[in-house]
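The values are calculated or read from the model by the stated rules, or taken from the named source; none is laboratory data. Here the structure is a predicted model, which means the values were calculated and not measured. Note: ideal-geometry Cβ built from the backbone for every residue, glycine included; neighbour counts use all protein chains shown. Please note that ligands, DNA and RNA were not included when accessible areas were found on the heavy atoms of the full protein model with its side chains. Shrake-Rupley method; radii C 1.70, N 1.55, O 1.52, S 1.80 Å.
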Amino acid sequence: MRQRLRFTSQSCHTPIQQSAALPETNEVRFPLYICDFKDTAFTKGLFLNYHFNSEQYPTLRHLFKMYICDRSLNGIAITECSRMQCPPWPKGKKLVHLDLKGAPPRTEYLHQLIELFSRLGVDGLLVEYEDMFPYQGELKLLQATAQTPYSREEILNMQELAKSKGMEVIPLVQTFGHLEFVLKHRPLWGLRELPHCVGTLNPHTEDGYRLVMEMLRQVVELHPGVNTLHIGADEVYMLGEGEQSKQWLVSPERTVQQLFLNHVTKVAQAVKEAWPHINIIMWDDMMRDMSQDTLKASGLVGLVQPMLWDYTPDLDVDRTVSLLEKYHSAGMSELWAASSFKGSTSVYTCVLLTQRHVDNHLQWLKVASSLSAGVKLRGIAITGWQRYDHLSVLCELIPVALPSLAACLETLVHGQFSSEAQSKATEKLGVSTVEVSALERQSPVNSLFPGRRLAEVIVELDVLLNLEDIRFFERNMYVRGWFSLYQRQRKLVHPLITMQIHSQASTFLSLLQQKTEAVRVEMLGLYPESTVQEWIEEHVSPVLFPLQQITDEIMTCMKEIVPQI
């Protein structure tokens, strides 16, 4: 049984003790007085002369587990919702979405992931390349510059490996909304629906249409034998707000819905004309408010297969069933679902909670079992967003989400997240739990989990980064009381207390720098340098910089008020 540490007010006002410098043994002794800092788990657990070795982070991590998640140390809690059994996911493909617009894995790691996906029972890959595709000719400007795009040979080899494992590869190319990676380029600014809306294509220009079709042509040609293509078309923000759209909408019989349908239908018809054998999938969200009659008259019936996405743990089952049955009644009989195993908690999530994603899949099981007999799902795409859009920050990296993926797949297979489902997921990964934050450190050679070591050190660093006494160091009473901005500017500081603050800040800096270096080394083996730099600057630098700044400012002050500093 876990208990929270409690201290009396007397223990929180112990006289200041002299703090030792960081010893070479990496053993850290926290001065007792610092327990006056904000009343947090870190304060309570470590500042009372607690000794730990900075190389033994599992001990540190476990000390805070009760504060960062509410789950069993041996796995995620099997809630009543998890125990409620539905029929297993109906026959159909289980796709895993690879979002390559952020943190694109090195080729070797990508191959390891495909091997793992095969062991987990994945039937196909939904691959969203964005700027990692090696566009040629006039489209070469779309290629990524922060890192080298995948080569043509690498893309072909990836497909061959997937096919050898029985997995279909379905490329996803955005053709209307979320074209940030295209429309951010100055030569293409004129193709935007609005100057300040970087993601939405102006549907009235032939140049925009030709651009989209050339993107599709190059992607299809580099996927020999492709049977299915996803044309995106979700979240077409600000559609109808551009000047040409406003002019088009002057006629009272015209609507924004028709404007959307006209462009998508034009693209889909062109795809069918060029490649009659290809099935076309598109996201459904822009059609959710459309009536059956509007959908029937759109020209999309029999042309596209809607993929209804919902990534929330409390997905509205009745509403989702109603939407799917509306599409079916309108004549769109080929339907898909889309869930999430990562990248849908928040835009900047670093370490996810598996239970959230398992709950999402439990809701999708309820949807599948509630559909009318005539409504069939062709499959489900388990999405793993790496960015919310091309211009947003990185979501959680793939290694920290693999336990979630395994748990979600087993939930679909078993119709519930039972003990058996959890056991199957952990067995396939060679781990003891599907909550990444509860993983025990072990030798990588004993694990079936590619990228496990990176997942471990990210979790360990994330714990440190989110401790209030580190993240909000300048808010503690000693900094605010004896080293405020006013005092720093006038060099009116108390040397003894200020050096104690310096000692504590230096200790935190050392801990963060050691763990950041461990993350950097592991991440470089799986991702390009640009991803490592971005991840560290987004997650670590905002915490590290204030600590570094305060130690530098203290030393500057000390040189002016203390002899021989």
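Remarks
- Of all lysines in the structure, the ones whose alpha carbon falls short of 24 Å from that of Lys94, not counting any fewer than 8 places away in one chain, are Lys163, Lys165, Lys326, Lys342, Lys366, Lys376, Lys424, Lys428.
- The range 384-495: C-alpha gyration tensor shape, a/c 1.5 cut-off, then a/b vs b/c: prolate
- For the range 93-450: accessible area per residue (Å², 1.4 Å): 36
- Counting protein heavy atoms only, the range 414-565 has 52 percent of its accessible area on carbon and sulfur, 1.4 angstrom probe.
- With contacts taken as Cα pairs under 8 Å at a separation of at least 6 residues, the range 93-450 carries a relative contact order of 16 percent.
- Chain lengthening between Leu161 and Glu273 when straightened (0.36 nm per residue, less Cα-Cα): 37.4 nm
- Oblate is the label for the range 377-435. Its Cα gyration tensor axes, ordered a ≥ b ≥ c, give a/c of at least 1.5 and b/c at or above a/b.
- Shape category assigned to the range 225-334 from the gyration tensor of Cα positions, a/c cut at 1.5: oblate
- Here the calculated FRET efficiency for Lys296 and Ser370, from their Cβ-Cβ distance with R0 = 25 Å, stands at 0.55, rounded to the nearest 0.05.
- Looking at the range 417-502, none of the chymotrypsin sites (Phe, Trp or Tyr not before Pro) sits in a DSSP loop with at most 12 other Cβ atoms within 10 Å of its own Cβ.
- Neighbours of Gly302, meaning other residues whose beta-carbon lies under 13 angstrom from its beta-carbon, give a summed charge of +1 when Lys and Arg score +1 and Asp and Glu score -1.
- Net charge of Cβ neighbours under 15 Å - reference Glu553; Lys, Arg +1; Asp, Glu -1: +2
- Sorting Glu128, Glu214, Glu273, Glu517 by accessible area puts them as Glu273, Glu517, Glu214, Glu128; the probe is 1.4 Å, largest comes first, and only protein heavy atoms count.
- Relative contact order (percent, whole number), the range 463-561, Cα cutoff 8 Å, 6+ residue spacing: 40
- Average accessible surface area per residue within the range 492-565, 1.4 Å rolling probe, Å²: 44
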